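Every number here is computed from the coordinates shown, using simple stated rules; none is lab data. Worth saying up front: this structure is predicted, and the values here are computed from it rather than measured. We place every Cβ from the backbone using ideal geometry, glycine too, and count neighbours over all the protein chains shown.
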């Protein structure tokens with residue numbers, strides 16, 4: 001890792017640096033960015049599973065076996081669109097910063113989750129179904145295209161992989177992986193509205209973190225190690 005000094009690397013290889021990759025160091029010195037990663041991820045991952053797993057399942061169910069091929073094409077083309085949108089999101093972020101894209105996702109997710117899960121099951125037009133899913137993917141791109149770099153910028157190199165990985169894994173397990181199960185449970189109980197409220201609330205919490213917990217185009221830990229991507233003076237002093 002070029003962001004680590006040669007002396008630091010030697011200490012790690014020799015087993016002399018006891019803090020590198022340490023859970024103790026993570027929970028005592030870096031718990032704030034760990035919490036940020038968890039909260040940043042919560043809304044993003046529940047939206048990702050809702051929009052990219054539940055929505056295609058709704059399309060498949062709505063169109064039924066008679067038009068299964070149509071549903072497959074709708075889902076395939078919309079996922080290709082999501083793929084193509086990722087570099088676009090990255091390019092925009094490099095121009096305007098990370099925070100505006102995350103806020104775009106947060107506001108869009110809070111508003112659009114109800115629309116998607118309410119109208120998609122009623123839609124039998126292939127074009128309308130594709131449009132509903134595609135709009136969701138445009139909103140989702142505000143998170144998926146940049147979330148990795150946002151989290152990486154919060155930690156120093158010697159704890160980055162552990163901090164980002166653990167925070168992401170916890171949030172993904174709690175909010176992401178459970179989303180399809182909760183959706184099916186609420187659907188079976190006839191209370192999809194509960195699931196919509198849940199997803200909207202989780203995205204809303206993350207939106208508050210994006211607004212009040214993050215700064216835009218400011219110097220990050222990663223900038224101090226490798227130089228700033230923005231026209232911001234980087235201090236070489238203590239972190």
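Let me know the Kirkwood hydrodynamic radius for region 149-223, please, with Cα pairs as the basis and the value in Å to one decimal. Answer for region 149-223: a Kirkwood hydrodynamic radius of 14.5 Å.
Less than 20 Å from a label point 7 Å out along the Cα-to-Cβ axis of residue 118: which backbone N atoms in region 166-184 qualify, by residue? What the label zone holds, given the 20 Å backbone N cut-off, is 183-184. Within region 47-224, the ratio Rg/Rh, alpha carbon atoms throughout and Rh by Kirkwood, equals 1.00.
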